[in-house]
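What follows is one structure encoded as C-alpha coordinates, with my remarks underneath.
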Amino acid sequence: MKAVLAYSGGLDTTVCIFLLREKYGFDEVVTVTVDIGLPEKELRRAEERGKRYADKHYTVSARKEFVEAIFRMIKANADYEGYVLGTAMARPIIAEKVAEIAKKERADAIAHGCTGKGNDQLRFENVFRQHGFKVIAPVRELNLTREWEIEYAKQHGIEVPATKERPFSVDENLWSRSIEGGKLEDPSFVPPEEIYEWTRDPKLSPEEPEIIKIDFEKGVPIALNDEKLDGFNLISKLNEIGGKHGIGRTDMIEDRVLGLKARENYEHPAASILITAHRDLERLVLSRRELKFKRIVEEEWSELVYYGLTNEPLFEDLNAFIDKTQERVTGWVKLKLYKGLAMPIARHSEFALYSEELVSFDTKVLDQKLAEGFSTFHGLQGRIYQQLKRKL
Ligand code: ARG
(Lines give C-alpha, C1' and ligand atoms only; values in the text may rest on other atoms or scores of the structure.)
Protein backbone atom coordinates (compact mmCIF):
# COMPACT_ATOMS: atom_id res chain seq x y z
CA MET A 1 0.00 0.00 0.00
CA LYS A 2 1.31 3.34 -1.03
CA ALA A 3 0.37 6.82 0.17
CA VAL A 4 1.37 10.12 -1.37
CA LEU A 5 1.62 12.90 1.20
CA ALA A 6 1.43 16.64 0.55
CA TYR A 7 4.55 17.65 2.42
CA SER A 8 5.69 21.00 3.75
CA GLY A 9 8.47 19.80 6.03
CA GLY A 10 6.66 21.23 9.06
CA LEU A 11 5.53 19.51 12.23
CA ASP A 12 2.13 18.20 11.09
CA THR A 13 3.24 16.70 7.82
CA THR A 14 6.45 15.19 9.20
CA VAL A 15 4.54 13.47 11.97
CA CYS A 16 2.16 12.22 9.26
CA ILE A 17 4.91 10.26 7.51
CA PHE A 18 5.37 8.15 10.62
CA LEU A 19 1.66 7.87 11.39
CA LEU A 20 0.89 6.65 7.88
CA ARG A 21 3.20 3.71 8.47
CA GLU A 22 2.48 3.10 12.13
CA LYS A 23 -1.25 3.69 12.40
CA TYR A 24 -2.46 3.20 8.85
CA GLY A 25 -0.17 0.38 7.78
CA PHE A 26 1.18 1.93 4.59
CA ASP A 27 4.44 0.34 3.57
CA GLU A 28 5.41 3.14 1.26
CA VAL A 29 5.09 6.86 1.90
CA VAL A 30 5.96 9.27 -0.88
CA THR A 31 6.27 12.94 0.04
CA VAL A 32 5.61 15.77 -2.38
CA THR A 33 6.72 19.35 -1.71
CA VAL A 34 5.28 21.89 -4.07
CA ASP A 35 7.17 25.12 -4.61
CA ILE A 36 4.72 28.01 -4.67
CA GLY A 37 7.42 30.60 -4.20
CA LEU A 38 8.91 29.35 -0.98
CA PRO A 39 12.21 30.79 0.16
CA GLU A 40 15.05 28.60 -1.09
CA LYS A 41 15.98 27.73 2.49
CA GLU A 42 12.49 26.42 3.30
CA LEU A 43 12.35 24.41 0.13
CA ARG A 44 15.72 22.74 0.70
CA ARG A 45 14.74 22.01 4.28
CA ALA A 46 11.50 20.29 3.21
CA GLU A 47 13.37 18.36 0.55
CA GLU A 48 16.08 17.25 2.91
CA ARG A 49 13.54 16.13 5.52
CA GLY A 50 11.35 14.40 2.95
CA LYS A 51 14.32 12.45 1.67
CA ARG A 52 15.37 11.55 5.20
CA TYR A 53 12.01 10.41 6.57
CA ALA A 54 9.95 9.22 3.60
CA ASP A 55 10.55 6.34 1.19
CA LYS A 56 10.63 8.65 -1.78
CA HIS A 57 10.45 12.39 -2.18
CA TYR A 58 9.47 14.76 -4.96
CA THR A 59 9.96 18.52 -5.12
CA VAL A 60 7.86 20.03 -7.87
CA SER A 61 7.54 23.60 -8.97
CA ALA A 62 4.19 25.35 -9.29
CA ARG A 63 5.72 28.80 -9.43
CA LYS A 64 4.38 29.49 -12.88
CA GLU A 65 0.86 28.43 -11.94
CA PHE A 66 0.99 30.38 -8.70
CA VAL A 67 2.19 33.58 -10.34
CA GLU A 68 -0.70 33.25 -12.81
CA ALA A 69 -3.04 32.84 -9.85
CA ILE A 70 -1.55 35.91 -8.19
CA PHE A 71 -2.22 37.92 -11.34
CA ARG A 72 -5.86 36.82 -11.06
CA MET A 73 -5.87 37.94 -7.42
CA ILE A 74 -4.56 41.35 -8.39
CA LYS A 75 -7.18 41.75 -11.11
CA ALA A 76 -9.85 40.76 -8.59
CA ASN A 77 -8.37 42.90 -5.78
CA ALA A 78 -8.58 39.67 -3.79
CA ASP A 79 -9.71 40.20 -0.22
CA TYR A 80 -11.68 37.99 2.15
CA GLU A 81 -12.66 39.96 5.24
CA GLY A 82 -9.33 41.79 4.97
CA TYR A 83 -7.18 38.69 4.22
CA VAL A 84 -5.18 38.66 0.97
CA LEU A 85 -5.85 34.94 0.36
CA GLY A 86 -2.29 33.69 -0.15
CA THR A 87 -2.72 30.27 1.48
CA ALA A 88 -6.23 29.87 0.14
CA MET A 89 -5.18 30.42 -3.47
CA ALA A 90 -2.14 28.17 -3.18
CA ARG A 91 -3.95 25.09 -1.89
CA PRO A 92 -5.76 23.92 -5.03
CA ILE A 93 -2.58 24.50 -7.03
CA ILE A 94 -0.53 22.42 -4.59
CA ALA A 95 -3.24 19.76 -4.59
CA GLU A 96 -3.22 19.48 -8.39
CA LYS A 97 0.52 18.84 -8.39
CA VAL A 98 0.24 16.28 -5.60
CA ALA A 99 -2.56 14.47 -7.44
CA GLU A 100 -0.40 14.39 -10.57
CA ILE A 101 2.38 12.63 -8.67
CA ALA A 102 -0.12 10.31 -6.96
CA LYS A 103 -1.33 9.20 -10.40
CA LYS A 104 2.19 8.66 -11.61
CA GLU A 105 3.03 6.69 -8.48
CA ARG A 106 -0.23 4.70 -8.69
CA ALA A 107 -0.87 5.58 -5.05
CA ASP A 108 -3.71 4.03 -3.08
CA ALA A 109 -4.43 7.27 -1.23
CA ILE A 110 -3.41 10.87 -0.82
CA ALA A 111 -2.70 12.19 2.65
CA HIS A 112 -2.37 15.70 4.05
CA GLY A 113 -1.48 17.15 7.43
CA CYS A 114 -4.39 19.54 7.89
CA THR A 115 -6.41 19.61 11.06
CA GLY A 116 -10.17 19.24 11.17
CA LYS A 117 -10.59 22.82 12.31
CA GLY A 118 -9.28 24.83 9.41
CA ASN A 119 -10.04 25.58 5.78
CA ASP A 120 -7.11 23.83 4.18
CA GLN A 121 -8.62 20.33 4.54
CA LEU A 122 -11.55 21.48 2.39
CA ARG A 123 -9.38 23.12 -0.25
CA PHE A 124 -7.06 20.13 -0.62
CA GLU A 125 -9.66 17.43 -0.54
CA ASN A 126 -11.91 19.04 -3.11
CA VAL A 127 -9.10 18.55 -5.63
CA PHE A 128 -8.00 15.10 -4.41
CA ARG A 129 -11.58 13.84 -4.63
CA GLN A 130 -11.98 15.42 -8.05
CA HIS A 131 -9.16 13.13 -9.18
CA GLY A 132 -10.86 10.13 -7.55
CA PHE A 133 -8.42 9.56 -4.71
CA LYS A 134 -9.12 8.22 -1.26
CA VAL A 135 -8.18 10.90 1.25
CA ILE A 136 -6.35 10.37 4.52
CA ALA A 137 -6.04 13.12 7.10
CA PRO A 138 -4.18 11.66 10.09
CA VAL A 139 -4.16 14.82 12.22
CA ARG A 140 -7.92 15.14 11.84
CA GLU A 141 -8.79 11.45 12.05
CA LEU A 142 -6.64 10.74 15.10
CA ASN A 143 -7.78 14.00 16.69
CA LEU A 144 -4.23 15.16 17.39
CA THR A 145 -3.10 18.28 19.20
CA ARG A 146 0.08 20.16 18.46
CA GLU A 147 1.37 19.32 21.89
CA TRP A 148 0.86 15.58 21.27
CA GLU A 149 2.60 15.92 17.90
CA ILE A 150 5.62 17.61 19.42
CA GLU A 151 5.91 14.82 21.98
CA TYR A 152 5.45 12.13 19.30
CA ALA A 153 8.08 13.77 17.12
CA LYS A 154 10.56 13.78 19.98
CA GLN A 155 9.96 10.10 20.70
CA HIS A 156 10.55 9.22 17.06
CA GLY A 157 13.70 11.27 16.80
CA ILE A 158 12.07 13.71 14.38
CA GLU A 159 13.62 17.13 14.44
CA VAL A 160 10.89 19.75 14.61
CA PRO A 161 11.04 23.48 14.03
CA ALA A 162 8.11 24.10 16.38
CA THR A 163 8.72 23.74 20.08
CA LYS A 164 6.30 24.00 22.98
CA GLU A 165 7.59 27.47 23.75
CA ARG A 166 7.11 28.74 20.23
CA PRO A 167 4.42 26.58 18.71
CA PHE A 168 3.40 28.82 15.84
CA SER A 169 1.96 27.32 12.71
CA VAL A 170 3.39 29.19 9.77
CA ASP A 171 2.35 28.92 6.15
CA GLU A 172 4.08 30.99 3.54
CA ASN A 173 4.23 31.45 -0.18
CA LEU A 174 5.06 34.21 -2.61
CA TRP A 175 1.90 36.18 -1.79
CA SER A 176 1.64 35.97 2.00
CA ARG A 177 2.91 34.53 5.24
CA SER A 178 0.46 33.45 7.90
CA ILE A 179 1.23 32.88 11.55
CA GLU A 180 -1.24 31.13 13.85
CA GLY A 181 -1.38 29.14 17.03
CA GLY A 182 0.19 29.25 20.46
CA LYS A 183 -0.37 32.43 22.41
CA LEU A 184 -1.79 34.11 19.30
CA GLU A 185 -4.96 32.09 19.80
CA ASP A 186 -5.91 34.54 22.53
CA PRO A 187 -7.27 37.50 20.52
CA SER A 188 -6.51 39.84 23.42
CA PHE A 189 -2.82 38.91 23.32
CA VAL A 190 -0.62 41.46 21.51
CA PRO A 191 1.72 39.60 19.12
CA PRO A 192 5.45 39.93 19.83
CA GLU A 193 7.69 41.36 17.09
CA GLU A 194 9.33 37.93 16.69
CA ILE A 195 6.34 36.50 14.81
CA TYR A 196 7.17 38.73 11.84
CA GLU A 197 9.80 37.74 9.32
CA TRP A 198 8.94 39.62 6.15
CA THR A 199 8.16 43.02 7.60
CA ARG A 200 10.11 45.41 9.75
CA ASP A 201 8.53 47.11 12.71
CA PRO A 202 7.40 50.44 11.15
CA LYS A 203 9.08 52.13 14.11
CA LEU A 204 12.42 50.87 12.81
CA SER A 205 11.68 51.40 9.12
CA PRO A 206 13.51 54.10 7.11
CA GLU A 207 12.82 57.69 8.12
CA GLU A 208 12.85 58.69 4.43
CA PRO A 209 9.85 57.73 2.26
CA GLU A 210 10.56 55.74 -0.89
CA ILE A 211 8.72 56.46 -4.12
CA ILE A 212 8.11 53.61 -6.54
CA LYS A 213 6.38 53.32 -9.90
CA ILE A 214 4.43 50.28 -11.06
CA ASP A 215 3.29 49.74 -14.64
CA PHE A 216 0.21 47.67 -15.35
CA GLU A 217 -0.94 46.11 -18.60
CA LYS A 218 -4.52 44.83 -18.67
CA GLY A 219 -4.58 44.72 -14.88
CA VAL A 220 -1.30 42.85 -14.53
CA PRO A 221 1.87 44.46 -13.12
CA ILE A 222 4.67 44.35 -15.67
CA ALA A 223 7.36 46.78 -14.50
CA LEU A 224 8.81 48.28 -11.35
CA ASN A 225 10.49 51.67 -11.62
CA ASP A 226 10.46 51.35 -15.42
CA GLU A 227 12.28 48.03 -15.30
CA LYS A 228 10.36 45.18 -16.93
CA LEU A 229 10.17 42.20 -14.57
CA ASP A 230 8.47 38.83 -14.69
CA GLY A 231 5.78 38.25 -12.09
CA PHE A 232 7.94 36.22 -9.74
CA ASN A 233 10.74 38.76 -9.57
CA LEU A 234 8.44 41.74 -9.38
CA ILE A 235 6.51 40.29 -6.45
CA SER A 236 9.68 39.13 -4.66
CA LYS A 237 11.21 42.57 -5.04
CA LEU A 238 8.10 44.29 -3.75
CA ASN A 239 7.99 41.96 -0.76
CA GLU A 240 11.51 43.04 0.04
CA ILE A 241 11.01 46.78 -0.50
CA GLY A 242 7.61 46.85 1.19
CA GLY A 243 8.82 44.72 4.08
CA LYS A 244 11.64 47.16 4.71
CA HIS A 245 9.02 49.91 5.15
CA GLY A 246 6.89 47.75 7.43
CA ILE A 247 4.08 47.48 4.88
CA GLY A 248 1.50 44.66 4.88
CA ARG A 249 0.80 43.42 8.36
CA THR A 250 -2.68 42.19 9.23
CA ASP A 251 -3.96 41.10 12.62
CA MET A 252 -7.58 40.06 12.30
CA ILE A 253 -10.47 37.91 13.36
CA GLU A 254 -11.48 35.74 10.42
CA ASP A 255 -14.56 33.64 9.77
CA ARG A 256 -13.47 30.19 8.69
CA VAL A 257 -15.62 28.12 6.35
CA LEU A 258 -16.67 25.83 9.19
CA GLY A 259 -18.02 28.82 11.06
CA LEU A 260 -15.23 29.02 13.61
CA LYS A 261 -13.82 32.46 14.21
CA ALA A 262 -10.04 32.53 14.24
CA ARG A 263 -7.38 35.06 15.12
CA GLU A 264 -5.02 35.38 12.19
CA ASN A 265 -1.76 37.22 11.63
CA TYR A 266 -0.41 37.84 8.16
CA GLU A 267 2.46 39.53 6.34
CA HIS A 268 2.05 40.49 2.69
CA PRO A 269 4.02 43.58 1.57
CA ALA A 270 3.76 43.01 -2.18
CA ALA A 271 0.07 42.16 -1.99
CA SER A 272 -0.69 45.39 -0.14
CA ILE A 273 1.32 47.51 -2.55
CA LEU A 274 0.05 45.87 -5.74
CA ILE A 275 -3.61 45.83 -4.80
CA THR A 276 -3.48 49.42 -3.55
CA ALA A 277 -1.89 50.46 -6.85
CA HIS A 278 -4.24 48.36 -8.95
CA ARG A 279 -7.33 49.72 -7.22
CA ASP A 280 -6.07 53.23 -7.76
CA LEU A 281 -5.58 52.68 -11.48
CA GLU A 282 -9.02 51.10 -11.77
CA ARG A 283 -10.54 54.22 -10.22
CA LEU A 284 -9.01 56.21 -13.04
CA VAL A 285 -10.24 54.05 -15.93
CA LEU A 286 -13.36 52.15 -14.90
CA SER A 287 -16.75 53.80 -14.86
CA ARG A 288 -18.60 54.50 -11.64
CA ARG A 289 -21.00 51.66 -12.34
CA GLU A 290 -18.26 49.22 -13.25
CA LEU A 291 -16.47 50.01 -10.01
CA LYS A 292 -19.58 49.54 -7.96
CA PHE A 293 -20.56 46.27 -9.59
CA LYS A 294 -17.00 44.95 -9.57
CA ARG A 295 -16.89 45.25 -5.77
CA ILE A 296 -19.72 42.74 -5.59
CA VAL A 297 -17.98 40.44 -8.04
CA GLU A 298 -14.72 40.74 -6.09
CA GLU A 299 -16.39 39.76 -2.87
CA GLU A 300 -18.02 36.71 -4.43
CA TRP A 301 -14.75 35.80 -6.20
CA SER A 302 -12.72 36.09 -2.99
CA GLU A 303 -15.20 33.96 -1.10
CA LEU A 304 -14.95 31.19 -3.71
CA VAL A 305 -11.16 31.24 -3.38
CA TYR A 306 -11.35 31.24 0.41
CA TYR A 307 -13.73 28.27 0.35
CA GLY A 308 -11.51 26.37 -2.08
CA LEU A 309 -14.27 26.34 -4.66
CA THR A 310 -12.31 27.50 -7.70
CA ASN A 311 -13.70 24.51 -9.60
CA GLU A 312 -17.17 26.12 -9.49
CA PRO A 313 -18.53 27.28 -12.85
CA LEU A 314 -19.27 30.61 -11.17
CA PHE A 315 -15.53 31.12 -10.71
CA GLU A 316 -15.03 30.97 -14.47
CA ASP A 317 -18.02 33.24 -15.05
CA LEU A 318 -16.67 35.86 -12.65
CA ASN A 319 -13.21 35.65 -14.19
CA ALA A 320 -14.72 36.35 -17.59
CA PHE A 321 -16.32 39.51 -16.21
CA ILE A 322 -13.14 40.57 -14.44
CA ASP A 323 -10.97 40.00 -17.53
CA LYS A 324 -13.31 42.11 -19.62
CA THR A 325 -12.99 45.01 -17.16
CA GLN A 326 -9.21 44.70 -17.17
CA GLU A 327 -8.88 45.39 -20.91
CA ARG A 328 -8.40 49.07 -20.11
CA VAL A 329 -6.48 48.76 -16.85
CA THR A 330 -3.21 49.76 -18.46
CA GLY A 331 -1.03 52.58 -17.18
CA TRP A 332 1.12 53.36 -14.16
CA VAL A 333 0.80 54.31 -10.52
CA LYS A 334 3.39 55.97 -8.29
CA LEU A 335 3.29 55.16 -4.61
CA LYS A 336 4.96 56.55 -1.56
CA LEU A 337 6.11 53.87 0.85
CA TYR A 338 6.50 55.10 4.37
CA LYS A 339 6.15 53.66 7.87
CA GLY A 340 3.79 50.79 7.13
CA LEU A 341 1.81 52.55 4.43
CA ALA A 342 1.71 52.42 0.63
CA MET A 343 0.05 55.61 -0.59
CA PRO A 344 -0.76 56.27 -4.24
CA ILE A 345 0.55 59.73 -5.14
CA ALA A 346 0.26 59.81 -8.96
CA ARG A 347 -1.28 57.77 -11.74
CA HIS A 348 -1.66 57.78 -15.54
CA SER A 349 -3.50 55.84 -18.21
CA GLU A 350 -4.28 56.34 -21.86
CA PHE A 351 -7.72 54.91 -21.03
CA ALA A 352 -8.52 57.33 -18.21
CA LEU A 353 -12.17 58.34 -17.99
CA TYR A 354 -10.86 61.31 -16.08
CA SER A 355 -10.76 64.53 -18.08
CA GLU A 356 -8.76 67.42 -16.77
CA GLU A 357 -10.31 69.62 -19.42
CA LEU A 358 -13.81 68.94 -18.11
CA VAL A 359 -13.18 68.97 -14.38
CA SER A 360 -10.67 71.83 -14.08
CA PHE A 361 -11.50 74.97 -12.15
CA ASP A 362 -9.73 76.88 -14.87
CA THR A 363 -11.53 75.90 -18.08
CA LYS A 364 -14.82 76.78 -19.71
CA VAL A 365 -15.17 73.78 -22.06
CA LEU A 366 -18.15 72.66 -20.04
CA ASP A 367 -20.72 75.38 -19.42
CA GLN A 368 -21.19 75.15 -15.66
CA LYS A 369 -24.40 77.18 -15.85
CA LEU A 370 -26.09 74.07 -17.34
CA ALA A 371 -25.73 72.31 -14.00
CA GLU A 372 -28.42 74.55 -12.57
CA GLY A 373 -31.14 72.53 -14.34
CA PHE A 374 -29.73 69.27 -13.00
CA SER A 375 -29.53 70.73 -9.53
CA THR A 376 -33.20 71.83 -9.62
CA PHE A 377 -34.34 68.23 -9.91
CA HIS A 378 -31.68 66.78 -7.65
CA GLY A 379 -33.07 65.80 -4.25
CA LEU A 380 -36.67 66.60 -5.24
CA GLN A 381 -38.30 63.67 -3.47
CA GLY A 382 -36.32 64.29 -0.32
CA ARG A 383 -37.43 67.90 -0.20
CA ILE A 384 -41.08 66.92 -0.64
CA TYR A 385 -40.73 64.30 2.08
CA GLN A 386 -39.24 66.80 4.51
CA GLN A 387 -42.30 69.02 3.95
CA LEU A 388 -44.73 66.14 4.47
CA LYS A 389 -42.95 64.97 7.59
CA ARG A 390 -44.34 67.93 9.52
CA LYS A 391 -47.79 66.38 9.13
CA LEU A 392 -46.75 63.19 10.98
N1 ARG B 1 -6.48 31.46 7.65
C2 ARG B 1 -5.76 31.34 6.43
C3 ARG B 1 -6.54 30.55 5.42
O4 ARG B 1 -7.49 29.90 5.78
C5 ARG B 1 -4.36 30.83 6.62
C6 ARG B 1 -4.25 29.38 6.96
C7 ARG B 1 -2.83 29.02 7.24
N8 ARG B 1 -2.64 27.62 7.22
C9 ARG B 1 -1.80 26.97 8.04
N10 ARG B 1 -1.73 25.71 7.88
N11 ARG B 1 -1.08 27.58 8.92
O12 ARG B 1 -6.23 30.58 4.27
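State which residue is surrounded by the most Cβ atoms within 10 Å (Cβ to Cβ) when the search covers only the range 305-334 and only residues that are among the aliphatic types (A, V, I, L, M) and under 28 Å from G242 (Cα atoms). Out of the qualifying residues, it is V333. Could you check, for the range 211-228, whether at least one of its residues is part of a loop (DSSP other than H, G, I, E, B), modelled with pLDDT of 95 or more, within 16 Å of the ligand (Cβ to nearest atom) and closer than 18 Å to A342 by Cβ? Looking through the range 211-228, none of the residues is part of a loop (DSSP other than H, G, I, E, B), modelled with pLDDT of 95 or more, within 16 Å of the ligand (Cβ to nearest atom) and closer than 18 Å to A342 by Cβ.
All conditions in (1) under 23 Å from R123 (Cβ atoms); (2) away from the ligand (no atom under 16 Å from the Cβ); (3) assigned to a helix (DSSP H, G or I) hold for N311, with the sole exception of (3).
For the range 93-102, check the following and say yes or no: at least one residue is out of contact with any strand residue (DSSP E or B) (no Cβ under 8 Å at 6 or more places or on another chain) and either within 16 Å of the ligand (Cβ to nearest atom) or at pLDDT below 95 (or both). There is no residue in the range 93-102 that is out of contact with any strand residue (DSSP E or B) (no Cβ under 8 Å at 6 or more places or on another chain) and either within 16 Å of the ligand (Cβ to nearest atom) or at pLDDT below 95 (or both).
Per-residue answers, yes or no, for (1) in contact with a Pro (Cβ under 9 Å, 6 or more places away or on another chain); (2) closer than 22 Å to Y80 by Cβ:
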site	(1), (2)
H245	yes, no
L314	no, yes
D317	no, yes
T330	no, no
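When E185 is tested against the conditions (1) of a type in the set (D, E, K, R); (2) away from the ligand (no atom under 13 Å from the Cβ); (3) under 27 Å from the mean Cα position of the chain (by Cα), the lone failure is (2).
Residues in the range 227-255 that are closer than 25 Å to E65 by Cα and in contact with a Lys or Arg (Cβ under 8 Å, 6 or more places away or on another chain): 3 in all.
Conditions (1) under 30 Å from E240 (Cα atoms); (2) not aliphatic (A, V, I, L, M), marked per residue:
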site: K2; (1), (2): no, yes
site: L11; (1), (2): yes, no
site: V15; (1), (2): no, no
site: K41; (1), (2): yes, yes
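Pairs are defined by a Cβ separation below 9 Å, a sequence spacing of at least 6 or placement on different chains, a first member in the range 69-90 that is at pLDDT 95 or above and part of a loop (DSSP other than H, G, I, E, B), and a second member that is within 14 Å of the ligand (Cβ to nearest atom) and of a type in the set (D, E, K, R); the pairs so defined are E81/E254; E81/D255; G82/E254; L85/D79. Taking the condition assigned to a helix (DSSP H, G or I), within 16 Å of the ligand (Cβ to nearest atom), surrounded by 15 or more Cβ atoms within 10 Å (Cβ to Cβ) and among the hydrophobic types (A, V, I, L, M, F, W, C), does V257 pass? Criteria not met by V257.
Based on what the data block shows, is L392 more than 24 Å from the chain's Cα centre (by Cα), exposed (fewer than 13 other Cβ atoms within 10 Å of the Cβ) and part of a loop (DSSP other than H, G, I, E, B)? Give the steps one after another, and end with the answer.
Values: more than 24 Å from the chain's Cα centre (by Cα): yes; exposed (fewer than 13 other Cβ atoms within 10 Å of the Cβ): yes; part of a loop (DSSP other than H, G, I, E, B): yes.
Spelling it out, L392 is indeed more than 24 Å from the chain's Cα centre (by Cα), exposed (fewer than 13 other Cβ atoms within 10 Å of the Cβ) and part of a loop (DSSP other than H, G, I, E, B).
One line per residue, one yes/no per condition, for (1) within 16 Å of the ligand (Cβ to nearest atom); (2) under 12 Å from the mean Cα position of the chain (by Cα):
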| site | (1), (2) |
| --- | --- |
| G50 | no, no |
| Y58 | no, no |
| A62 | no, no |
| V67 | no, yes |
| I70 | yes, yes |
| I74 | no, yes |
| D79 | yes, yes |
| Y83 | yes, yes |
| M89 | yes, yes |
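The set of residues in the range 331-355 being within 23 Å of the chain's Cα centre (by Cα) and either outside any strand (DSSP E or B) or among the aliphatic types (A, V, I, L, M) (or both) consists of V333, L335, L337, K339, G340, L341, A342, M343. Every condition in (1) within 16 Å of the ligand (Cβ to nearest atom); (2) in a helix (DSSP H, G or I); (3) aliphatic (A, V, I, L, M) holds for M252 except the one numbered (2). Here V30 fulfils each of the conditions (1) in a helix (DSSP H, G or I); (2) more than 21 Å from N265 (Cα to Cα); (3) in contact (Cβ under 8 Å) with a residue 60 or more places away in the chain apart from (1).
The values are calculated or read from the model by the stated rules, or taken from the named source; none is laboratory data. Everything numeric in this text was worked out from a predicted model, so none of it was measured. We place every Cβ from the backbone using ideal geometry, glycine too, and count neighbours over all the protein chains shown.
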